[in-house]
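Step one of this worksheet: look at the structure below.
The values are calculated or read from the model by the stated rules, or taken from the named source; none is laboratory data. Note that the structure is a prediction, hence the values are computed from the model and not measured. Every residue, glycine among them, receives a Cβ derived from its backbone with ideal geometry; neighbour counts consider all protein chains shown.
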Amino acid sequence: MPPVAESTLGVKADFPIFERRFAGRELIYLDSGATAQKPRVVIDAQAEHLRNHNANVHRGVYALAQEADAAYDEARRRVAAFVGGDPRTTIFTKNVTEAINLLAYSYGRANVGPGDAVLITQMEHHANLVPWQVLCHERGAELRYLEVDERGELSLEQLDAELARGDVKLVAFAHVSNVLGTINPVAEMTARARDAGAVSIVDGAQAVPQMPVDVAALGADFYGWTGHKAVGPTGIGVLHGSEALLERMEPFLTGGDMIASVDFQSVSWNELPYKFEAGTPPIAEAVGLAAAVGYLDKLGMERVRAHERSLTAYMLERLAEVPGLRVVGPPEAERRGGLASFTVEGIHPHDVAELVDRGGVCIRAGHHCAQPLMRCLGVGATARASVGVYNEASDIDALVHALQAGREIFEL
Amino acid sequence: MDDLYRDYILDHYKRPHNFGEFDPHDLEALEHNPLCGDELGVHIRVKDGRIEDLRFHGHGCAISQASASIASEELKGMELSEVGELNADWMIELLGIPVSATRRKCALLNLKAVRGAVTGDNAWPS
């Protein structure tokens, strides 16, 4: 066997869900790209907050409310520090989708107009595509796409050419593709955008859970990610933004908590980051997310990346044994995140997912919220196996075994 | 023997009946399964208020393709008024396999398209 076992993290026991059995079988979870399982420390931190420290934030003078305030502020500090962000410009949202909608609304509407262009890529998740499409329709701007080549990668030359046209106000792209796995050269792309006077927005949903990310070093004007893919709770996302731009922007959602003062006819906005956090925020979720990044920090993100790379290399190698199986995206594990999207000749991806479930293996099938990309790849759908910190080589073996068994059922 | 992927289901999937398109046709519809992006279109020829002949096309999983193939044989000769009355139970029973909640739309996509073409109502069959 390749040197996979040595470099995997061996932390499955930290995740209570793997104690469950499904029809007597262990859970083989290969859908972390959709959402990650939660370690005990995250579940406990959230429960502990709800059990002993629950109060609303930013209002109460009593001791319990001060505890809640302190927990929420501390959570923001820890979450920001995890990716090299500044707490003042680290905004909690519901998820990345909301973060990007915030940007399309608060930045896009004020800065993109007729004759302008928004540049995104063919590999975007609908979350980083639909808000821009809506914005461009509304504002009479043009939405253009960087193409994905046959290796599943973008071209910096095309980026240069697009930026040279002089009309691009905003460039938005994924750090890691949720379908292809491609790791995009973020720092090179944001530098080019900056030189061309365009604002850059990076969707880090698939990147933050599996590799070291330093938002300051990446140089994006805005960087969004989500808690639940990073072994944290659902219902909380994170947006890091340039202070100068955030200060200039109008709020997205309005209401309580985000105001400095209100009278019957006028209002002034609260300071950053609260200006962008209307209403009661996800307090327990923030506490859970702080525990999640603490857990990942303890593992060490360099080690997490090595684990993901090694398991992905193993997965690509083992999947190649299955006749008729074709993986999309970059062929080398170094150039991709911890996932493989694939098709199996003679079996529709939905049936692939259903068949491997018979072996207790959870994978995803469908268009992965990237229908335009599917059309580029010439497929209606793919099956996708994605790994997390808890996966082991044996999980990949179970997938391959289940795929072989599925081919037998289909008499291939 | 697999509960879901029975021999006849796989037969219909691999060698679907009435697969293709034809022109001219009197009625048509194209439907998508939002879950997976699959698409399924139907072309229908009508004579004397009945489905004289039909073809389906597109791409989909074994469940959706087998449903369309099996239903196509039943639909030929059926009165249009009768087609409007067909419901989800008719399709699931005809399919003859246990369909889970997540695969239900796969099984019903074809009926949605056929009913849409005939009645103009393209709601999911209930």
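Taking residue A:254 and the conditions (1) of a type in the set (Val, Ile, Thr); (2) under 19 Å from the mean Cα position of the chain (by Cα); (3) within 30 Å of residue A:56 (Cα to Cα), which numbered condition does it fall short on, given that it satisfies the others?
Of (1) of a type in the set (Val, Ile, Thr); (2) under 19 Å from the mean Cα position of the chain (by Cα); (3) within 30 Å of residue A:56 (Cα to Cα), only one is false for residue A:254: (2).
For the subset of the stretch B:3-34 comprising residues that are free of Cβ contacts under 8 Å to residues at least 60 places away in the same chain, of a type in the set (Asp, Glu) and assigned to a loop (DSSP other than H, G, I, E, B), which member is nearest to residue B:50 (Cα to Cα)?
That would be B:26.
So which residues in the stretch A:378-402 are within 14 Å of chain B (Cβ to nearest Cβ) and either under 18 Å from the mean Cα position of the chain (by Cα) or crowded, with 23+ Cβ neighbours inside 10 Å (or both)?
Selection gives A:380, A:381, A:382, A:383, A:384.
When the residues of the stretch B:37-91 are filtered to those that are more than 18 Å from residue A:380 (Cα to Cα) and part of a loop (DSSP other than H, G, I, E, B), which remaining residue is farthest from the other protein chains (Cβ to nearest Cβ)?
Per the criteria, the residue is B:48.
Counting only residues that are buried (at least 19 other Cβ atoms within 10 Å of the Cβ) and either of a type in the set (Lys, Arg) or modelled with pLDDT under 95 (or both), how many does the stretch A:58-77 have?
Number satisfying all stated conditions: 1.
Just to check your reading of the model, which residue among A:341, A:394 is among the hydroxyl-bearing types (Ser, Thr, Tyr) and either free of Cβ contacts under 8 Å to residues at least 60 places away in the same chain or closer than 17 Å to residue B:63 by Cβ (or both)?
A:394
Looking only at the stretch A:343-373, which residues are at the interface with chain B (Cβ under 9 Å from one of its Cβ atoms) and among the polar types (S, T, N, Q)?
Matches in the stretch A:343-373: A:371 only.
Does residue A:293 qualify as being among the β-branched types (Val, Ile, Thr), in the same structural domain as residue A:205 (by TED's automatic domain parsing), under 30 Å from residue A:14 (Cβ atoms) and crowded, with 18+ Cβ neighbours inside 10 Å?
Yes, satisfied.
If only one of A:236, A:259, A:201 is surrounded by fewer than 19 Cβ atoms within 10 Å (Cβ to Cβ), β-branched (Val, Ile, Thr) and not assigned by TED's automatic domain parsing to the domain that holds residue A:393, which one is it?
A:259
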